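Have a look at the structure below, then the notes.
The values are calculated or read from the model by the stated rules, or taken from the named source; none is laboratory data. None of these values were measured; they are calculated from a predicted model. For neighbour counting, all protein chains shown are included, and Cβ atoms are generated from backbone atoms with ideal geometry for every residue, glycine included. Just so you know, the surface numbers come from the protein's heavy atoms only, side chains and all, with ligands and any DNA or RNA stripped out. Shrake-Rupley method; radii C 1.70, N 1.55, O 1.52, S 1.80 Å.
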Amino acid sequence: MILPLQAIVGFFPNPERKGNIHYFSDNELEVLRIIECLKKSGLGIKDIKQFFIWVSAMKKRKELFEARKSAVETEIQELQKNSLPFKIQMLVL
């Protein structure tokens, strides 16, 4: 992959460095592979950065929806436990 070091490092907020050597985690190496693939497909650095903004936004949206779904499911269970038919059923058992 031929990308300027500044462009690569720009994708990672706090890369681990020892002297002039940058160290990347396994997750960061996977991101570099994705960057390489996108670059080979003809995307420029600006478009690749936008791609990662969209991806992270989608992930955050999904996390938000999943957390809200879980909260609603818990609330439904609590409401069902406190419902009259549930209490009657518990008395019959």
Checklist entry - Of (1) 2, 12, 15, 11, 8, 8, 12, 13, 12, 6, 2, 0; (2) 2, 11, 15, 18, 18, 16, 11, 6, 2, 1; (3) 2, 11, 14, 14, 11, 8, 7, 6, 5, 5, 5, 5, 4, 3, 1, which one was derived for P(r) over Cα pairs in 5 Å bins from 0, in percent from the structure shown? => result (3)
Item to check | MRE, 222 nm, helices only [DSSP H, n ≥ 4, -39500 (n - 2.57), over the chain, to nearest 500] | outcome: -23500 deg cm²/dmol
Item to check | Solvent exposure, largest accessible area first (probe 1.4 Å, DNA, RNA and ligands not counted), of Val92, Val72 | outcome: Val92, Val72
Checklist entry - At a probe size of 1.4 Å, how large is the accessible area of Ile88, to the nearest 10 Å²? => result 90 Å²
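Put Glu36, Glu73 in order of accessible area, largest first, 1.4 Å probe: what do you get? Don't skip to the answer; put the middle values down first.
Details: Glu36 55, Glu73 90 Å².
Most to least solvent-accessible, the answer reads Glu73, Glu36.
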Next on the checklist: With +1 assigned to the C-beta of every Lys and Arg and -1 to the C-beta of every Asp and Glu, and no other charges, what is the dipole magnitude of segment 5-93 about the Cα centre in debye, to the nearest 20?
Outcome noted: 240 debye
Item to check | Furthest towards positive pole of dipole, Ser41, Asn20, Phe65, structure part the chain, Cβ charges | outcome: Ser41
Next on the checklist: Quick check for you: with a 1.4 Å probe and neighbouring chains kept, what is the accessible area per residue of segment 28-93, in Å²?
Outcome noted: 87 Å²
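For the chain, with all protein chains present and a 1.4 Å probe, just round the carbon and sulfur fraction of the accessible area to a whole percent. Show your work: numbers first, answer last.
Values: 4780 of 7950 Å².
Answer for the chain: carbon and sulfur cover 60 percent of the accessible area.
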Checklist entry - With every protein chain left in place, what is the accessible area of Arg33 in Å² (1.4 Å probe, nearest 10)? => result 130 Å²
Item to check | Computed label-point distance, nm, for sites Lys49 and Phe12 using a 7 Å Cα→Cβ extension | outcome: 1.8 nm
Checklist entry - Can you tell which of Ile21, Ile45, Ile53 shows the greatest fluctuation in a Gaussian network model of the chain with Cα springs below 10 Å? => result Ile21
Item to check | Tally of Lys pairs whose C-alpha atoms are under 25 Å apart, taken over the chain, 8 or more apart or cross-chain | outcome: 14
Checklist entry - With a sphere of radius 14 Å drawn around the Cβ of Asn27, what net charge do the other residues whose Cβ falls strictly inside it have (Lys, Arg +1; Asp, Glu -1)? => result -2
